[in-house]
Amino acid sequence: MSKNPEFVKFDKVDKSYDGKVLVVKDLQLDIAEGEFITMLGPSGSGKTTCLMMLAGFETPTHGEILLDGNIISNIPPHKRGIGMVFQNYALFPHMTVYENLAFPLRVRKVEKDEIDKKVDKALSMVSLSGFETRMPAQLSGGQQQRVAVARALVFDPAVVLMDEPLGALDKNLRESMQYEIKHIHESIGVTVVYVTHDQSEALTMSNRIAVFNDGKVQQLSNPAELYEKPVNSFVAEFIGENNTFNGEVIDIAKDKCKVKLANSEILANPISVKSKGEKTTVSLRPERALINPTDKMDNMFTGKIEEVIYHGDHTRVRLNLLGSSEFILKVPNSTSNLELKVSQDINIGWNSVDARALDPK
Amino acid sequence: MSSETKQILTTDGIPLEVSLKKAEKKNKIKAFLLVAPLLLFLVITYIFPIGDMFMRSVDDRMVTNMLPKTFKAMEKWENLDELPPEEVYRGFYEDYKLLAENQQHGKLGQRLNKEKNGFNTITKKLFRQIKRKKIDESASLKEQINKLHKRWRDVEYWQAIKRTAPPYTASKYLKGMDMYFAADGSIAQVDEDRRIHRILWLRTLEIAFFVTLFCFFMGYPIAHLLATLPMKYSNLLMICVLLPFWTSLLVRTASWMILLQQQGIVNDFFVMIGLVADDNRPEMMYNKVGTYVAMTQILLPFMVLPLYSVMKTISPSLMRAGKSLGGTPFVAFWKVYFPLTIPGIGAGCLLVFILAIGYYITPALVGGASGTLISNQIAFHMKTTLDWSFASAMGLMLLTGVLVIYWIYNKLVGVDNIKLG
């Protein structure tokens with residue numbers, strides 16, 4: 001059976017709550033069957049609204065949402081067959097774990113034996129077998145979260161929506177749950193639409209990530225591409241760390257351009273600049289700049305160390321470079337570590353291909 | 001802790017428990033002093049009056065104190081079907097003579113007359129004989145008194161006196177249930193056409209039950225709206241709910257009288273839209289309808305507020321979860337939302353029912369004859385007949401009833417499940 005690349009389709013969807021401001025603007029998004037897609041963005045960017053429209057709790061102001069080729073905008077939530085994991089789990093506090101999981105099956109009039117089997121299976125999937133008779137209040141946060149995931153999956157929905165499900169967990173638990181959800185997704189192949197504002201969570205779990213800002217999808221690509229090749233300065237800024245230079249293009253070739261900064265010039269990779277005279281923001285990942293480069297590099301400058309912060313596995317160094325004192329370097333913590341001291345001068349170099357000239361901020 | 005575990009000592013060698021008690025003693029005293037004023041207030045205004053009420057309701061010492069010699073002599077009266085022996089007559093004569101000297105004989109006559117009709121006449125007759133000194137104390141008093149009136153020769157009258165001997169009596173409680181002690185001391189029912197209290201008790205329960213039911217059906221949607229509407233609308237609605245709270249009970253009841261009377265606004269409206277004929281206006285006041293309408297409106301906030309406070313705590317995502325998992329809106333409501341509101345329902349119903357069962361002013365004003373409750377009867381005996389002991393007895397019966405309801409509720413739902421806010 002071939003996978004449908006347009007299993008879920010947002011077709012020119014607009015959403016406005018008050019008739020004045022568009023929360024979601026002309027959204028065009030295709031989600032393939034079995035895919036794990038994450039909607040990532042700052043709060044107020046419209047990602048949760050998209051999820052709620054897909055779940056059926058909000059209706060699009062304009063445009064259509066299609067599920068497996070059928071328009072679902074007029075189908076009420078309970079008939080969509082979409083599982084959902086809520087931010088605060090939304091477990092029914094007056095029901096046991098078993099009853100919580102049996103709820104979606106009972107309303108579907110599934111036979112008692114079948115319910116027992118399915119609940120058993122779902123609980124073992126989240127490694128909570130034996131917890132059937134517990135009440136939600138007797139479970140820890142992580143366990144409640146697993147029950148919520150199991151409940152969203154127990155009736156074999158075609159799509160599962162997750163609305164910041166790990167937001168309330170502490171850091172370690174959150175990380176282990178990320179892997180667990182990813183593994184569950186891989187083993188049962190359900191389509192997952194995941195909403196989060198945590199970029200590391202998105203990078204860890206997703207097949208593809210849709211970065212939302214201002215009601216629009218800024219970039220839709222796999223995690224590696226998103227990090228390595230951001231298409232605009234918002235994405236570059238939002239995903240990972242990022243050194244920026246603001247300047248003006250003074251010369252442009254096919255894969256290189258010269259950018260004039262306040263008092264120097266650098267070579268960069270022209271991504272969204274087309275011609276001379278355009279304003280641009282050059283983005284460079286901290287780990288792409290090398291200290292004391294041995295090979296010849298396109299850009300080589302000397303900077304002064306302003307601050308050294310020890311982070312365990314790496315050391316962050318803040319430099320005053322090219323007139324900006326916000327230039328960050330990440331130095332891996334290895335045995336051949338350099339002596340880094342404040343107010344010391346060091347040589348820095350990077351290649352023009354890693355310095356992406358994007359739209360101006 | 002098992003008994004084998006070693007006692008833990010502090011560094012000074014004092015047992016830990018002793019040290020802990022010492023440390024907490026100060027706090028305990030402080031806490032007690034803080035609640036002491038309230039405790040004192042409750043004792044003075046609540047526990048003591050209830051105790052006094054109870055004493056009043058069972059107190060029957062008046063005759064006991066008036067006829068000490070009689071009752072002493074009556075201890076030797078063995079065959080109760082025959083007239084008592086001479087000693088009893090003598091004792092009664094001496095007691096009565098003393099009362100007559102102190103001008104207390106009238107009270108006794110009235111009290112005994114309540115026990116058995118006709119006592120007033122024969123005690124007055126005895127009083128006149130004593131006053132005229134017509135009675136020869138050296139001769140047989142039994143014969144002389146028996147000669148005064150044929151009722152003195154009737155053993156039932158002497159039995160009636162004997163019945164008043166115990167200093168305490170439950171007769172007021174029996175009267176509250178339309179029963180009395182018959183001549184032979186057994187419990188008998190009042191004639192059917194004279195049973196008013198049982199009707200009142202049943203009516204009180206019925207009205208309290210239906211008022212609670214109406215309050216629930218009207219209050220639940222309001223509370224739900226209050227809990228789910230956006231702040232600016234819900235505040236306005238909350239004020240609408242609370243406004244009656246801030247208005248005097250009397251004013252509200254009076255406005256219901258203006259609305260519901262036969263020439264009132266509601267009736268005028270019905271006539272205007274042609275629902276009823278002008279000469280056939282329904283009576284909506286001075287009957288049960290008036291009591292139901294006015295009491296439901298007045299007690300509604302007591303239902304809405306506990307419900308609201310419970311509903312406010314129910315996350316809206318629970319209903320969404322119910323729907324997204326495949327439940328229709330009704331199923332999601334019935335299986336998810338409703339069970340979570342039960343603590344509020346319990347609190348609201350209990351509150352409204354208990355308030356309704358003892359309601360007084362509203363039924364008194366709009367209830368008429370068929371809409372009055374037991375509390376109106378209590379007030380009647382307090383103010384009009386001045387039979388305070390009977391009023392106390394009925395008040396205590398009401399209190400007991402409320403406690404019984406509370407107990408049943410606790411058995412069914414559990415008081416821990418009540419949420420008042």
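Every number here is computed from the coordinates shown, using simple stated rules; none is lab data. Every value quoted in this text rests on a predicted model; they were computed, and no experiment measured them. Cβ placement follows ideal geometry from the backbone for every residue including glycine, while neighbour counts extend to all protein chains displayed.
Put simply, the amide H of A:Glu278, placed in the peptide plane, has neighbours under 5 Å in A:Val249, leaving out anything fewer than 5 places away on its chain.
Note on the protein assembly as shown: dipole from Cβ charges, positive end direction compared against A:Leu161, B:Ile361, B:Leu34; the farthest Cα belongs to B:Ile361.
Run the dipole for chain B about the Cα centre, Lys and Arg Cβ at +1, Asp and Glu Cβ at -1, nothing else charged, and hand back the magnitude in debye, nearest 20. Could the numbers behind the result be given before it?
Working: 49 positive and 34 negative charges, 169 e Å.
It comes to approximately 820 debye.
Note on the range A:151-271: semi-axes of the ellipsoid equivalent to its C-alpha gyration tensor, largest first and rounded to whole Å, are 38, 15, 12.
Could you tell me whether the range B:197-417 comes out rounded, prolate or oblate from its Cα gyration tensor? Rule is a ≥ b ≥ c as square roots of the eigenvalues, rounded for a/c under 1.5, then prolate if a/b exceeds b/c, otherwise oblate.
Oblate shape, in that a/c is at least 1.5 and b/c is the bigger or equal ratio.
Given an 8 Å cut-off on Cα distances and at least 6 residues of separation, report the relative contact order of chain B as a percent. Relative contact order of chain B: 17 percent. Where does the protein assembly as shown land on Rg/Rh, using Cα atoms and the Kirkwood Rh? We get a ratio of 1.23 for the protein assembly as shown. Between B:Gln261, B:Gln103, B:Gln377, the residue with the greatest mean-square fluctuation in the GNM of chain B (Cα pairs under 10 Å linked by springs) is B:Gln103.
Our estimate of slack between A:Lys20 and A:Lys256, defined as 0.36 nm per intervening residue step minus the Cα-Cα distance, is 80.7 nm. The rule of thumb for compact globular proteins, 2.2 N^0.38 Å, goes into the C-alpha radius of gyration of the range B:332-421 1.41 times.
Over the range A:294-361, all Cα pairs binned in 10 Å intervals from 0 give whole-percent P(r) values of 18, 46, 32, 4, listed from short to long. In this calculation the C-beta distance from A:Ser73 to B:Arg195 is compared with R0 = 60 Å, giving a FRET efficiency of 0.30. Taking every C-alpha pair closer than 8 Å and separated by at least 6 residues, the mean separation divided by the residue count of chain A gives a relative contact order of 15 percent.
Sequentially through the range A:32-49, phi angles give Karplus couplings (6.51, -1.76, 1.60; θ = phi - 60°) of 7, 5, x, 8, 10, 10, 10, 9, 10, x, x, 5, x, 8, x, 5, 5, 4 Hz, Gly and Pro residues having no value and appearing as x. Neighbouring Cβ atoms from other chains, within 10 Å of the Cβ of residues in B:325-334, number 6 on average.
Taking square-rooted eigenvalues a ≥ b ≥ c of the alpha carbon gyration tensor, is the range B:61-167 rounded, prolate or oblate, where a/c under 1.5 means rounded and, failing that, a/b exceeding b/c means prolate? Since a/c stays below 1.5, the shape of the range B:61-167 is classed as rounded. As I understand it, the value is the acute angle between the Cα axis of helix B:249-260 and the longest principal axis of the Cα atoms of chain B; what does it come to in degrees, rounded to 10? Around 80 degrees separate the two axes.
Shielding value for B:311-323 is 5, the average number of Cβ atoms from other chains within 10 Å of each residue's Cβ. Throw me the Rg/Rh for chain B, computed over C-alpha atoms with Kirkwood Rh, two decimals. Across chain B, the Cα-based Rg/Rh ratio is 1.15.
In the range A:8-233, the C-alpha radius of gyration followed by the widest Cα-Cα span (Dmax) gives 17.5, 55 angstrom. Exposed loop sites are taken as trypsin sites (Lys or Arg not before Pro) in a DSSP loop (any state but H, G, I, E or B) with at most 14 other beta carbon atoms within 10 Å; the longest stretch of chain B without one runs B:196-311. Here the range A:241-358 is treated as a sphere whose radius is the Kirkwood value from Cα pairs; by Stokes-Einstein at 20 °C and 1.002 mPa s it diffuses with a coefficient of 146 µm²/s. Basic side chains Lys and Arg get +1 at the Cβ, acidic Asp and Glu get -1 at the Cβ, and with that the dipole of the range A:241-358 about its Cα centre reaches some 340 debye. Here the Gaussian network model covers chain B, with springs between Cα atoms less than 10 Å apart; of B:Thr384, B:Thr253, B:Thr212, B:Thr384 fluctuates the most. Using Cα atoms only, what is the angle between the long axis of helix A:97-106 and the major principal axis of chain A, expressed in degrees (0 to 90) to the nearest 10? It works out to around 70 degrees. Rg/Rh for the range B:191-288 stands at 1.09; both radii use Cα atoms, and Rh follows the Kirkwood definition. When you restrict to C-alpha pairs under 8 Å that are six or more residues apart and normalise by the size of the range B:61-167, the relative contact order lands at 35 percent. Quick one: among B:Met382, B:Met55, B:Met231, which has the greatest mean-square fluctuation in a GNM of chain B with alpha-carbon springs under 10 angstrom? Evaluated over chain B, the most mobile residue of the options is B:Met231. Angle of helix B:105-115 to the longest C-alpha principal axis of chain B, folded into 0 to 90 degrees and rounded to 10: 60°.
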